Protein chains: 2
Amino acid sequence: MAELVFLPFEKSVETDGSKSLLELAREAGIPLQATCGGKKICGKCRVFVESSDGPLAPPSDREREVLGGDTERGCRLACETSLAHGAVVHIPEESLIRPQVILTSDTENPYPVRLNPGIGLYYVEVPPPALDSVVADRERLVLALKQAYEIDDPVFDPFVLRRLPRALRSDRKGITAAIREGGEIVDLYPGREERLFGIAFDLGTTTVVAYLLDLLTGEKLSVKAAMNPQIEVGDDVVTRISFCQERSGGLEELRTKIVRCLNSLIREASAEAEIDPDQILEAILVGNTAMHHLFMGLDPRYLAMAPYPPVLQEAQDFKARDLGLGIGSSAYVHLPPVKAGFVGSDTVACILATGLHRSTVPTLLIDLGTNGEIVFGNRDRMLCCSTAAGPAFEGGHIRWGMRAAAGAMERVKIDPGTIDVSWKTIYDQLPAGLCGSGIISAVAEMIRSGIILARGDFSEEIRSPRMREGEDGLEFVLVQASESSTSQDIVITRKDVAELQMAKSAVSAGAMLLMERFGSDGAGRILLAGAGGNYIDPLDACTIDLFPGCLTSEVKGVGNAAGHGACLALLDRDKREEAGRIAAQMEYEELAATARFQELFVTGMFFPAARDYEDEF
Amino acid sequence: MAELVFLPFEKSVETDGSKSLLELAREAGIPLQATCGGKKICGKCRVFVESSDGPLAPPSDREREVLGGDTERGCRLACETSLAHGAVVHIPEESLIRPQVILTSDTENPYPVRLNPGIGLYYVEVPPPALDSVVADRERLVLALKQAYEIDDPVFDPFVLRRLPRALRSDRKGITAAIREGGEIVDLYPGREERLFGIAFDLGTTTVVAYLLDLLTGEKLSVKAAMNPQIEVGDDVVTRISFCQERSGGLEELRTKIVRCLNSLIREASAEAEIDPDQILEAILVGNTAMHHLFMGLDPRYLAMAPYPPVLQEAQDFKARDLGLGIGSSAYVHLPPVKAGFVGSDTVACILATGLHRSTVPTLLIDLGTNGEIVFGNRDRMLCCSTAAGPAFEGGHIRWGMRAAAGAMERVKIDPGTIDVSWKTIYDQLPAGLCGSGIISAVAEMIRSGIILARGDFSEEIRSPRMREGEDGLEFVLVQASESSTSQDIVITRKDVAELQMAKSAVSAGAMLLMERFGSDGAGRILLAGAGGNYIDPLDACTIDLFPGCLTSEVKGVGNAAGHGACLALLDRDKREEAGRIAAQMEYEELAATARFQELFVTGMFFPAARDYEDEF
C-alpha cells in the first residue's frame, strides 16, 4: 500500500492500484464530479498528478481525446487513472460538485388552497376500566370515539397501540386521536392536541426539496433543500439505472442514500419549526419515475428498456416507516401516480399546481430538469412526452458548463458593435463557468450579435480577438483568464453550440409533436417549470427557438410547480383524487416510437431567429 | 477487578463487587435459576463459594432463613451475594435451569379441520407491455387478476412490489399471486406455485411451541419447542411485569427476547420442513394476556393493577414484520382475542380446540400452566376466571420442586404397609427433584397412605425412618441421598404440602365459584389442558381434591389444546370468527373482587379424600 494525498484537501488515502483516483477520492469524502458516474464519458473528473513516487501509465486514448494538451500539464481523468505508487494529486475547484442554487419558491397559485388534509383530530374522554366489567384500553377508546363522533371500528397499528396505555393515563384530561381518512388512528396524544403537521417532498434527479406544512393552517413552516446524494454515482437518471443493473446491491445503495437525505431534510425542517419529526403525520413525495422507483426500492432497470414500463403507475399509500422515513411511526407517505417511465408524478404535480387541466387556453408546460417533460393541452385533453434533452440545460456536456452554483454565469450580454461581453454570475462571484440559463443566454446573445449562424456555425465575418481557433475548431472567448475564478479563459465552442442545438431541438420537436397530435398550431401560453425553466430569460428562449412559435409575452416561469403541487395534495386530500384523474386523462406519446419526432428534431436544430438577426448585419 | 471462576463451567468473569453472583453468572451465559427474577424470594439460585481470596460478608438474614444450615458449607444465594475478591464458585446442578419436557402433542380433535386458510394462490399470465400503450407491471397484473378471477383492486405493499418486476420476467411462464382474504397480495412467485405455509405459536410463560403447517393439505410439517427465554428475568408473569415497570427498556428487552426465540423456532421448523422461512405467509400466536402484550410490545404494567385491564381485547392482524417475525416479508400475524388481564387468547384457543363452546354437557376446562385459567360452561353459557395458583404445580416454592426436566420425579408410589417409596422419573434418570405431577402424586400417595391428614399435617402415628424432623418441621424422605442425583435426600416438607394446598384450593375454589354462578352442581366432564394438566394422574388429582366433586372417569387430559386451537385457526379462517364469538360469549369473573371466592378458598384447603383414607387406618 502506498500513500496518496489529495490537495487542496490534504487528505491521505492508501492505494494499491486496484481503485481509480475517482473511487479513492469518493471514499475520502471529496465531492469530485463525475456526471457520467465514472463511465469515462463526461470528462468532468479532471485532476492533476503533481508528483508521483513511480512511473505513470501514459494517458489513455480517451484521456487524450477529452483532455487534449492538458495531459502534458499532468492533467488526468480520475476515473481512468489508478496509481500503485505514492503520489500527490491536485483536484481543481471546477472538478468539484458545488452546492447548487435550488429553486424552492412557489409558483403563483391559480386556485385557493382548501384545507382538507384527510387527517382529523378527535378529542374524547375515556372512562377508566370498571372492576365489575373490565373493558380493555383499546375497546374503551373505540367506544368513546363511536359515541362522540360515530367513528366505526378504527384501525390501530402496533406502534399506536404501544402508546395507548400511557396516553390514557397521563395527568392530562382526555385523549386526542389523529384519525386518517379511511379510519386508521395514526397517532394518539394525551389531553387535547390541536396541531397537525405534514411534509411534502419534490425528489428531483439533482435536487431534493422538503416543505414542512402546518396541515391545519396551511402555513409553510420550513423549506429545506439538498442535492440528491445519488449524484455521486452519476448525474442523470440513466447512469443511476445502470448502477442498479451493474452493481449488486446497487438499488439498495441508492435507496438508502435518498432515504438518508430525506430524513436529514425532515430533521432540519423539524428543527426549524421547533417540532419533533414524530409529530409529522403525513408525507407526500413526487418525483420523476426513476426517482420514485429508487425511493420505493423498485428495480428501475426496465425503465431503460423499450417499451420503458414503470413497475407501477397508480397512486400509493404506504406506511412511512416501511420506506424508512423518520416521521410519525404510524404515519403514511402518499405517492401520487406516475404516467410513464419518463413522465413521473412530478409532472402530474406540475399540472395540478398550474391548473393546466382546468385551463380553457391550450397550454404548453415544459419542465426543464435533467429530463425535459412536456405537456400540451387544456381541460379537454392533455398530451405528454419526455425528451432526452441531455444535460446541456444543466451545464452538462458543455466545455465550461457547470451547475447553477456560486460563480456560474447566468446572464451574458454581448455588444453587437464592439463584441464586448458582460455577464451576471450567481452570488456575483468571479465567473467559473456557465449554468444552463447562462449557456442559453450566451448563445442567444451570440445569435443576436451575428456570431452564430442559422446552422450553429460561427460566422467567419466576425473580426474580434475573442474569436479564435481552439481544440474543437472555432471558439468564442466569453471571459478572459484574468477575469475568471479558474484563471483560464471561459469559452463557448462550436461543439457546445451543437450540444445546445440538440437539447433545444429535442424539446421543441417534442412540443411540436404534441401540438400536432392535439391539432393545434400554437400554445396560448407557455409555462416553464423547474429550476432551469425558472431562470431562463423568455427572450433568450425565443431567440434559440426553444419553443415552437413562441412569443415572448406568452412565456411564464412557474417556479417549482412540482413541489407546489405536492404541497397542494398534502393540504387537500381531494387534490389526490384530482391528480389521479389528471394521470388517467394524460395521453402519453412515446417519442422513441415516432418517426415524425425524428423529422421535427432534425428541422428543429436550426436557429430561425438567427436568420433575422443575420439580415441586420 | 478480580477474577471469579464458575464451576463446573470453568467460566471466568471479572468482578468488582458491584454485581451479584446471579447477575455475573447470567452475563457469563450460565442458566442459573431464579424463579423470582432475582428478588431474593425463591431461594433457587443456590451456589457454593468454594474458595475466596478475601473475606466473605456473613450470610444475610434472608440467606439464613432460606438456606438454613447449608450456609455453613459455603452455600449462598447468588442474588444476595457480591464478591469484590477473586473466588471460585460452584453452581450445583439443581440450581440450573434445565430444558423442560414440553407438551407438543395434539389433543384428539373433536371436529374435522376444514382447510380454509384465507389465502388463495392465483395463477395468471400477464402480457408484456406494449409500446403503443405502456401499462405498468402492477397495473397489468391487476388487470389479469380481474379478468381471470374477478379480483378487484388488490393491495400491494412495498415489499411485494419490489418482487414484482423480476417475478414477471422470469423464464417461467406466468406468475402466481398469494392473495389474502381482504384482497392483499402477500407474495408473488414466478410461474405456477402450489404450496402455502403457515405457522402457529403457543406462547406460554414457560414454554413456546411452534407448529409449521402446510396450509393446503393441513399437514403438520414440523413442531418445535423452546423455553421462553424471558424466564431469565423471572419465572412468572408478575415478575416479568415488574421487570418492565422497574427497568428502563425492560419491556423492549423482554419483547426482543421472545421475538428472537420465535424466530429461532421459525428457522428450526423451516429447516426441518426444507422450506425457506420467507415462504411462510401467515402466522398465528396465542398466549396468556401478559405474553400476548409482551410479544406486541404493549406495556403490561396495568395487567398487574386492579382492575387489571388489558391494552386490547379484540383479535388483531398485523404485518409480521412490524412485530419482528422473520417470515414472509409481507405476511400477517393473527392474534386471537384475549378475554381479560389473566385470561388470554390461549384459553380462547383451548375452548376452540376442545369444542367446549359447542358442548351440551356442562364442562370444566382447567389450564394448569403458570397461572390456572378455568372455564366452566356449555354451548349456552361460558364462565371463566384465572386463579393465582402460584408456581407449585410447576415445582415452584417447593423445597425439591423442579421443572418437568430430565430426572424430575413425575409419579410416586408409597406402599401403605411398609411406607416404602418407588418412583418414575422423566427419562428414567436418577431423581433430582419433583415436577408438578410428581408433587401431586407424592402428596396424593401420602394422603392415601395416611401420612398426610385432612388439614395437611403429617400424621404422628406413622412410624418410619422416612419421617423426620427437618428445618421446617416434620418432613418425609422420598429418596435417600444415595439414590438421588444430587447426593442429598429428596423430601416433602409440611411447608411443601401447605404450598400445594394453597395452589389446589385456588383452582378448586375458582372452579366451584364458576359452577355456583352457572347454577350447576357438577361438571359433566373435566378437561385438563396444558403440560401440567396432561401429566397429572386423574386419580391423584381427585385424591388431593383439585377439582370440586370430581369422579376419576370424568377427567380427561386434552394436551396442548391452546396450540391445537391456534393450528385450527391457522388452517380455517372461519375459526377466527368463531374465536371472536367465544371471547365475546365468555363471562369473566374477577376473583379478587369476590368474597365468595375467599370462602371457597379457605374451605378448599382441606384434603377431603384424606379423611376417607384415615378411616381405613
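Take every Cα pair under 8 Å in region B:119-190 that's 6+ residues apart, average their separations, divide by the length, and report that relative contact order as a whole percent. Could the numbers behind the result be given before it?
Details: 108 pairs, mean separation 27.8, N = 72.
The value is 39 percent.
Using alpha carbons only, how many degrees (0 to 90, rounded to 10) separate the axis of helix A:237-246 from the longest principal axis of chain A?
Its long axis makes an angle of about 80 degrees.
Among B:Cys75, B:Cys385, which comes first, then next, by fewest other beta-carbon atoms within 10 Å?
On the way: B:Cys75 19, B:Cys385 27.
Sorted ascending by nearby Cβ count, the order is B:Cys75, B:Cys385.
Only helical DSSP H runs with n ≥ 4 go in: add -39500 (n - 2.57) per run for chain A, normalise by residue count and round the 222 nm mean residue ellipticity to 500 deg cm²/dmol. Spell out each step's value before the answer.
Working: 16 runs with 181 residues, N = 617.
So the helix-based figure for chain A works out to -9000 deg cm²/dmol.
If neighbour count is taken as other Cβ atoms inside 10 Å, put A:His357, B:His85, B:His293, B:His564 in order from fewest to most.
So the ranking, lowest neighbour count to highest, is B:His85, A:His357, B:His564, B:His293.
Across the Cα atoms of region B:2-95, what radius of gyration and what greatest pairwise Cα-Cα distance (Dmax) are found, in Å?
Rg then Dmax for region B:2-95, in Å: 11.7, 30.
Explain nothing, just the number: relative contact order of chain A, from Cα pairs under 8 Å at least 6 residues apart, as a whole percent. List each step's numbers first, then the result.
On the way: 1402 pairs, mean separation 81.2, N = 617.
That works out to 13 percent.
Out of residues 5 or more away from B:Val555 or on other chains, whose amide H comes under 5 Å of its own, with H placed 1.01 Å from N in the peptide plane?
The list, which skips near neighbours in sequence, is B:Ile526.
Take every DSSP beta bridge with both residues inside the protein assembly as shown and express the antiparallel ones as a percent of the total, to the nearest 5. Kindly include the intermediate steps, with their values, before the conclusion.
Working: 144 of 207 bridges.
Expressed as a percentage, antiparallel bridges in the protein assembly as shown total about 70.
Report the antiparallel proportion of the DSSP beta bridges in chain A as a percent, rounded to a multiple of 5.
Details: 72 of 103 bridges.
The antiparallel fraction comes to roughly 70 percent.
Can you check how the C-alpha radius of gyration of the protein assembly as shown compares to 2.2 N^0.38 Å, as a plain ratio?
Numbers: Rg = 39.1 Å, N = 1234, 2.2 N^0.38 = 32.9 Å.
Dividing the Cα radius of gyration by 2.2 N^0.38 Å gives 1.19.
Please compute, for peptide A:309-319, the average count of beta-carbon atoms on other protein chains lying within 10 Å of each residue's beta-carbon.
On the way: counts 13, 8, 10, 10, 7, 6, 0, 6, 1, 5, 4.
Mean partner-chain Cβ count within 10 Å for A:309-319: 6.
Helix B:561-571 versus the longest principal axis of chain B: what angle, 0 to 90°, nearest 10, using Cα atoms?
Once rounded, one gets 0 degrees.
What share of all Cα pairs of region B:467-537, in percent, falls into each consecutive 5 Å distance bin?
3, 13, 13, 16, 15, 13, 10, 8, 6, 2, 0
Determine the shielding of peptide A:296-308 by partner chains: average, over its residues, the number of Cβ atoms on other chains within 10 angstrom of each Cβ.
Numbers: counts 3, 4, 8, 8, 1, 3, 7, 1, 0, 0, 3, 8, 3.
What the average comes to for A:296-308 is 4.
Could you work out how far helix A:345-354 tilts from the main Cα principal axis of chain A, as a 0 to 90 degree angle to the nearest 10?
80 degrees
Mind listing the label-point distances from A:Asp171 to the same position on all other copies, shortest first, one decimal in nm, points 7 Å along Cα→Cβ?
7.0
Name the residue farthest towards the positive end of the dipole of the protein assembly as shown from the options A:Pro229, B:Phe295, B:Cys385, assuming +1 on Cβ of Lys and Arg, -1 on Cβ of Asp and Glu, about the Cα centre.
B:Cys385
Among bridges DSSP assigns within region A:2-95, what percent are antiparallel (round to 5)?
Details: 12 of 16 bridges.
Within region A:2-95, antiparallel bridges account for around 75 percent of the total.
At 10 °C and a viscosity of 1.306 mPa s, what translational diffusion coefficient does Stokes-Einstein give for region B:392-500, taking Rh as the Kirkwood radius over Cα pairs? Give it in µm²/s as a whole number.
On the way: Rh = 13.4 Å.
Rounded, D is 118 µm²/s.
Going by how many other Cβ atoms sit within 10 Å of their own, how do A:Tyr427, B:Tyr535, A:Tyr211 line up, fewest first?
Numbers: A:Tyr427 9, B:Tyr535 22, A:Tyr211 26.
Lowest count first: A:Tyr427, B:Tyr535, A:Tyr211.
Please list the equivalent ellipsoid semi-axes of region B:119-190, computed as the square roots of five times the alpha-carbon gyration tensor eigenvalues, in descending order and whole angstrom. Spell out each step's value before the answer.
Numbers: eigenvalues 65, 36, 27 Å².
Over the Cα atoms of region B:119-190, the semi-axes work out to 18, 13, 12 Å.
Taking A:Val5 in one copy and the same position in all the others, each labelled 7 Å out along Cα→Cβ, what are the pairwise distances from the first, in nm, shortest first?
List, nearest first: 5.5 nm.
Under 28 Å Cα to Cα from B:Lys575, which lysines show up? Leave out anything in the same chain fewer than 8 places away.
A:Lys146, B:Lys220, B:Lys224, B:Lys319, B:Lys339, B:Lys556
Quantify how strongly other chains surround peptide B:134-146 by giving the mean number of their Cβ atoms within 10 Å of each of its Cβ atoms. Intermediate results must be reported in sequence, preceding the final value.
Working: counts 12, 5, 13, 8, 8, 6, 2, 1, 2, 0, 0, 0, 0.
Partner-chain Cβ atoms within 10 Å, mean over residues of B:134-146: 4.
How many nanometers, to one decimal and shortest first, lie between the label point of B:Ala84 and those of its other copies, if labels sit 7 Å from Cα toward Cβ?
6.2
Which value results when the Cα radius of gyration for chain A is divided by 2.2 N^0.38 Å?
1.08
Enumerate the whole-percent occupancy of each 10 Å bin, from 0 to the last occupied one, for all C-alpha pair distances of region A:333-447.
Calculated P(r), rounded to whole percents: 14, 31, 26, 22, 6, 0.
Which lysines, on any chain, are close to B:Lys11 with Cα under 28 Å apart, when same-chain ones fewer than 8 places away are left out?
Those lysines meeting the cut-off are B:Lys19, B:Lys39, B:Lys40, B:Lys44, B:Lys257.
The numbers here are math on the coordinates, done by the rules we state, and not lab data. Worth saying up front: this structure is predicted, and the values here are computed from it rather than measured. Backbone-built Cβ (ideal geometry, glycine too); neighbour counts: all protein chains shown.
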